[in-house]
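Nothing in this text is a laboratory measurement; each read-out follows from the coordinates by a stated rule. On a predicted model such as this, the values are computed, not experimentally measured, just so you know. No Cβ is skipped: glycine too gets one built from the backbone with ideal geometry, and neighbour counts run over all protein chains shown.
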Amino acid sequence: MRAESFEARVRQALYAGRRWHPAEIAFWILAFAAFLLFPSHLLLLNEIAILALFALSLDLILGYAGIVSLGHAAFLGMGAYAAGLLAKHVTGDPLAGLACGMAAAGLVGLLTSPLVLRGSDLTRLMVTLGVALILYELANSFGSLTGGADGLQGVMMKPVLGQFEFDIFGRTAYLYSLSVLFVLFLIARRVVHSPFGLSLRAVRDNPLRASASGVPNGRRLAAAYTLSAAYAGAAGALLAQTTQFVSLDVLDFHRSADLMLVLIIGGAGYLYGGLVGAIAFKLLQDAISSFTPQYWMFWIGLFLVLFVLGGREIIHGAIKTVVGRFARLGKGGAR
Amino acid sequence: MLTILFDGIAYGMVLFVLGCGLSVTMGLMNFVNLAHGAFAMLGGYVAVLAMQRLGLPFLASLPLAFLSAAVIGIVLERLIYRPMYAKSHLDQVMFSIGLVFMAVAGTDWLMGSTQQFIRLPAWLQGRFEIAGIGIGRYRLFVIAICGLLAVSLQWGFTHTRFGSRLRAAVDDARVARGLGIPVNRLFALTFALGSGLAGLGGALGVELMGLDPTFPLKFMIYFLIVVTVGGTSSITGPFFAAMLLGVADVVGKYLVPQVGAFIIYALMVVLLITRPHGLFARARA
Amino acid sequence: MTHRRTVLKGVLGFALAASVSSAALAQEALKIGLILPMTGPFASTGRQIDAAVKLFLAQEGAVHGGRKIEVILKDDAGNADATRRLAQELVVNDKVSVLAGFGLTPLAMATAQIATQAKVPQIVMAAATATITEASPYIARTSFTLPQASEPMADWAWANGIKKVFTVVTDYGPGIDAETSFANKFKAAGGTVESVRVPLRGPDFAPFLQRVSEAKPDALFVFVPSGVGAQFMKQFVERGLDKAGIKLIGPGDVVDDDILQGIGDVALGAITTHHYSAAHDSPANKAFVEAFQKANPGMRPNFMAVGGYDGMKLIAKALEATKGDANGDKLIAAMKGASWESVRGPVKIDPDTRDIVQNIYVRKTEKVGSELQNVEFATIKDVKDPVKARK
């Protein structure tokens, strides 16, 4: 009897988590409406959507499984090159490229997952960084395949679903990226509010206790890592397809560093952190670099230092208050 | 071939000086300080400026590099590193990356983005041959200085009171505090020493590795490798790790130039898989 | 009488209004999107070109072909994705009529598609890989190509008794171009070549130079990107390779005017081939160098600056030929075959390839007064890009 009511409570909690919060619905409506509201900034919006997907992928392992990674760019790059090469040599169909990118990155994630299971946080940081650097050098060395430092040329994309061509204004690009982000987000949301997701959080919070309770730590973490890699690969594929170009920069360290910054700004562990952080980061970067085209790195660094030193509590507190008020509005009155 | 070995050892020595400060601060304060490279860069620029603007001889600029980095280290530790000790590793990493960004952009603004050069004194230029091995004078100098440093650091670590207090604090800070060891002051002094060593390493490395505002980003991976592979609880660990990596990098590039660049990363990954806590670390409780 | 005066006034008024409005139309600014790496490892390229563009506007004014030129500068930090996005935004949002700049090959290549789609001329002022101008029919180049500079080196080396060469180049587009074009030409003449490629991020040349000293060639042919030249030179001398009788040859990037003074005496004696030296002996160049140094104290103009200056000159000439019409097809047509006397010597834009045809000079790095300069001692006239010329 005791066990049954516990199971029922857990199930209830999971279902409660799956309900759609009014702020969420507003967020997605706004995201799709942005297409109509900001027609001259679609290129920037496209970059935000791709960065958001990339951040979502890191949130899956950082926020939910507690794995710190400084080399997530490896999967971004893997997805980008796989999709780009497919488009160049086999078929320019975007969805095929997307699937290919996700598969390739997921495979690399699966193969490297044993590396992140062992060792301390520091070891993991170094190993993930090392893997990203190795992939960078490999891409550089196999220049005949990847284009090396000059980048992959000749990526020609066919229209999405045979109908929507990629235009110079970024219209198709944004809707395509946003749709992919939305679909993958829905899947991630479902996964996170499932027994699997719950077990991940258990492993993150107290690995010893989790394994004592019968959770296969290693397998769970490996599965999460592979999923995260596939998502990052999707982001990479979108990048390659919407810009029709892949360069070594997708594997560069600053991609991983910027990504961490995005998650720090938005907060990890509730899925929207990556999305919100991506918006904030890109807008911040765009604003600062138009203001000081040369030294924007300084201001981003300063922002980061201040943010971590104390600013984050202030900003997150403010966000929570706003969201909370919104929720109460939606529920129509006091709790 | 032996010449290459010699070059590799010189390179490894510089890596050691650069990395050992980081290793000790990381082991002691459990703080992931990716901004260590910025202190190295500072030392390098101080040395260059001292020689160019103040006309100081090369030898005098080295202690100046050490001191300036150490002083900045103490100031920063007091002001902004202290509040970060209690935060998560992720926060510390991002904090130090933020510092690196600021240092890189700030240096670019102050000094411009071109490479800086050091004019070595005549007695350090050129090379001579011994038994068929080409010995570069500057590299010999570097090996001598760094070797001396390594020996004195190891001696200080194991034979002085400061060293034993440091080792106690690294093993278990709480108990050390309980025994009356002034751990906070130890932190500050060690951080200063570590940063000073980085500054010295940066100044020594200008001739071998170049110096420009992107130095911390380019070389961050190298000293991080020294620290992770060498472990954080001794001086000998990073020393051997630095030697191994310096030699492997140089020899690898000589034997197989096409893949030379990523031998060092592959080696690191392999080492970390087989010994996740570093080559020489004892298991941490 | 009053009637005639009114008509006269009316006609005058109408003429005045017409001229004002057409003047207003003519004064509508022609925007040029200048995308340069102003930050990051290739920032020196960006700074030189930016300074040169500003100097051009100061010296020759901003009005050409009846249109006022307005330059919009953007920083891509040497990152191809950024270049592409900036180019797209400049074309779509700012409605630029010309794209210019492009400090590296991948940056130029990434933008080629946009130039073609939007029918906007793309003036490459710095990037030097041969195939760039083939990426879009709207690309014209005012810098140079590595084969253009490297093949004459092969000829000169062979003619001067050098039989065995070891090449060391950085492993990316221009480096590979330099190596292949030199090696092919040199081998065809009868020489032997051994090659090694250095990774773009490599901090230490020691292992590669060790191989060179063991191979004991007559000369070492080197190409590294501008910032790294000093590092390389120092290690070359430190290893005693110059004393071992190995000549240092290569395209002029390794003794880039921007950093030559900083490299120091270790650079003395290097023989290089390039399209521009700040020491080029012509009144136009002397005036250019003087004006440049006056406007930018402490900076000496290098081949990047000249690429930028001539790029602006090309745009101005094209505008004058089309009488201010900014239509992309017309501008590119006007650019084909354009020729003028540049500060580097006579230049022409090849009508078939849209690439630059110019003199290549063989120079030796010597001390002139208290400064290091690349002193020209031989000229090869009107060199076309050899890679495309063979097709």
*Hey, any idea what Rg/Rh is for segment A:168-319, computing Rh the Kirkwood way over Cα pairs?*
1.01
*When the Cα atoms of chain B are enclosed in a convex hull and the volume is divided per residue, what value in Å³ results?*
139 Å³
*Amide H to amide H, which residues 5 or more places from C:L248 or on other chains are under 5 Å from it, using H placed in the peptide plane?*
C:L220, C:I271
*Per residue and in cubic angstrom, what volume does the convex hull of the Cα atoms of the protein assembly as shown have?*
212 Å³
*How high is the relative contact order of chain A, in percent, counting Cα pairs under 8 Å that sit 6 or more residues apart?*
32 percent
*With r defined as the distance between the Cβ atoms of C:D382 and C:K330 and R0 fixed at 30 Å, what FRET efficiency is calculated, to the nearest 0.05?*
0.65
*Hey, what's the Kirkwood Rh for segment A:11-72 if you take every pair of different alpha carbons, in angstrom?*
14.2 Å
*How would you rank B:120-132, A:44-56, highest first, on the average number of other Cβ atoms within 10 Å across their residues?*
A:44-56, B:120-132
*Amide H to amide H under 5 Å from C:T167: which residues, 5+ apart in sequence or cross-chain, H placed 1.01 Å off N in plane?*
C:E194, C:S195, C:V196, C:F221
*Of C:P283, C:F56, C:L319, which is farthest along the charge dipole of chain C in the positive direction, counting Lys and Arg as +1 and Asp and Glu as -1 at C-beta?*
C:L319
_Residue-wise HN-Hα coupling along segment B:189-204, computed from phi with Karplus coefficients 6.51, -1.76, 1.60 (Hz; x: Gly, Pro)_ = 5, 5, 4, 4, 4, x, 5, x, 4, 4, x, 4, x, x, 5, 5
*Simple spin-label model, 7 Å along Cα-to-Cβ: C:W340 to B:I273 in nm?*
6.0 nm
*Order these peptides, B:190-201, C:284-295, by their mean beta-carbon neighbour count within 10 angstrom, highest first.*
B:190-201, C:284-295
*Hey, could you get me the Stokes-Einstein D for chain A, Kirkwood radius over alpha-carbon pairs, 4 °C and 1.567 mPa s, rounded to whole µm² s⁻¹?*
62 µm²/s
*Reachable aspartates and glutamates from C:K323, criterion Cα separation under 18 angstrom, eight or more residues apart if same chain*: C:E28, C:E60, C:E70
*Taking the Cα centre of the protein assembly as shown as the origin and placing charges on Cβ (Lys, Arg +1; Asp, Glu -1), which of B:A173, C:T167, A:A49 is farthest toward the positive end of the dipole?*
B:A173
_Residue mean of other protein chain beta carbons inside 10 Å, C:229-242_ = 4
_For the pair A:S290/B:I80, report the inter-label distance in nm, with labels modelled 7 Å from Cα in the Cβ direction._
2.8 nm
*Where does each of A:Y15, A:Y295, A:Y270 land when they are ranked from fewest to most other beta-carbon atoms within 10 angstrom?*
A:Y15, A:Y270, A:Y295
_Integer Hz, Karplus 6.51/-1.76/1.60 couplings in order for segment C:136-145, x for Gly and Pro_ = 7, x, 9, 9, 10, 10, 10, 8, 5, 10
*When the convex hull of the C-alpha atoms of segment C:280-331 is computed, what volume per residue in Å³ does it have?*
106 Å³
*Using a Förster distance of 51 Å, how high is the FRET efficiency between B:V259 and A:V183, based on the Cβ-Cβ distance and rounded to 0.05?*
0.80
_Farthest positive-ward along the protein assembly as shown dipole, Cα basis, beta-carbon charges - from C:G308, A:N206, C:T45_ = A:N206
*asked:* Please list, by residue number, everything in segment A:71-106 whose backbone N is under 19 Å from a paramagnetic label point 7 Å out along Cα→Cβ of A:R219.
replied: none
*Hey, with R₀ at 45 Å, roughly what FRET efficiency would B:Q154 and A:V322 work out to, going by the Cβ-Cβ distance, to 0.05?*
0.20
*asked:* Taking beta carbons within 10 Å but only from partner chains, what does the mean come to for residues A:127-135?
replied: 6
*Tell me, what is a quarter of the convex hull surface for the C-alpha atoms of segment B:1-131, in nm² with one decimal?*
10.4 nm²
*Can you run phi through the Karplus equation (6.51, -1.76, 1.60; θ = phi - 60°) for segment C:29-36 and list ³J(HN,Hα) in whole Hz, with x for Gly and Pro?*
5, 9, 8, 10, x, 9, 9, 9
*Place the peptides C:113-122, B:87-96, C:248-257 in order of packing, highest mean first, counting for every residue the other Cβ atoms within 10 Å and averaging per peptide.*
C:248-257, C:113-122, B:87-96
*For chain C, diffusion coefficient by Stokes-Einstein and Kirkwood Rh (Cα), 4 °C, 1.567 mPa s, µm²/s*: 59 µm²/s
*Between A:I314 and C:A215, what is the label-to-label distance in nm when each label sits 7 Å out along the Cα-to-Cβ direction?*
6.0 nm
_Antiparallel content of DSSP bridges confined to the protein assembly as shown, in %, to 5_ = 45 percent
*Just the Kirkwood number for segment A:1-130, please: inverse of mean 1/r across all distinct Cα pairs, in Å, one decimal.*
18.1 Å
*Between C:I139 and residues 5 or more places away or on another chain, which pairs have amide H atoms under 5 Å apart, with H built 1.01 Å from N, and which residues are they?*
C:Q122
*Average beta-carbon neighbours from other chains, 10 Å sphere, peptide C:168-178*: 3
